[in-house]
Amino acid sequence: MTDEQAVFMSRPFPWAPGMETVQDWTEWAAGNRQIEISSQSPKLTFTSPLFRRRLSQISRMTVQVVHDCIEAIPQAAECPEVFASFRGEIGREGDINTQLIQDKEILPASFSLSVFNTPIALATIALHLTRGYSVVFPAKQDFPAAVSAGIAPLLCGDERNVLFVYADEYVSDCYDSLKSPEGTVKPERGYEPLAFAVMMGLHKDSDCTVQLTVQNIKDVCSTPQHLLSYLLTHTA
């Protein structure tokens, strides 16, 4: 991607605990509101009770934001998805580690829902998406690398649009012993439960209106929160 080449993004479709209105997100983007640090999850009333009954917070958030994006931009249903997360199914992984320590075994059903691609895979099942997906684990929390992975299929000419999805869930108390030098594993921004979906393309149209260049990516995609705030303040 050259310095002159641009990528365009749609308005974002976010979900987080306690954030229920457009005004809530406007205040958050302005730094005047915080996301609740809790395990609250979206209800997913558009899915069957049997499907959603065992889903984790991150999976529920992922299904919700992909659903919201497709509802507003039907074209997004025809896009391949690129899913990025720093921690994946960390709650289920903690439960599995606890079970392994206590019982010396892991239940297959628990393991099958703990793998890194679980959230986006469940979204494709729930919403009948067939274009396929990729998952990205950004090393050392290098979020610009994750965004670049989402842009790559556009630059090489394989896709006209991509649905980029980010999600991370509440960090449970079982990880409290792994404290940062500041004394917490849950700072106000960085470890809050948050998900959002955004459609990306190489051409500006009625859906993708926010332009990013190489320098933009370095500047506004340093963290998921930074990118989301930028998109919220640059789209109607």
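Rule-based calculations on the coordinates, nothing more; no lab input. Not measured: the values here are computed from a predicted model. All Cβ positions, even for glycine, are placed from backbone atoms using ideal geometry, and neighbour counts span all protein chains on display.
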Ordering of 223-235, 7-19, 135-147 by burial proxy (mean other Cβ atoms within 10 Å per residue, highest first): 7-19, 223-235, 135-147
For Gly132, net neighbour charge (Lys/Arg +1, Asp/Glu -1) across residues whose Cβ lies under 14 Å away: -3
Proximal charge balance of Asp24 [Cβ under 13 Å; K/R count +1, D/E count -1]: -2
Difference of contour (0.36 nm per residue) and Cα-Cα distance, Ser222 to Arg54: 57.2 nm
C-alpha center-to-center spacing [segment 71-90, segment 7-39] in angstrom: 17
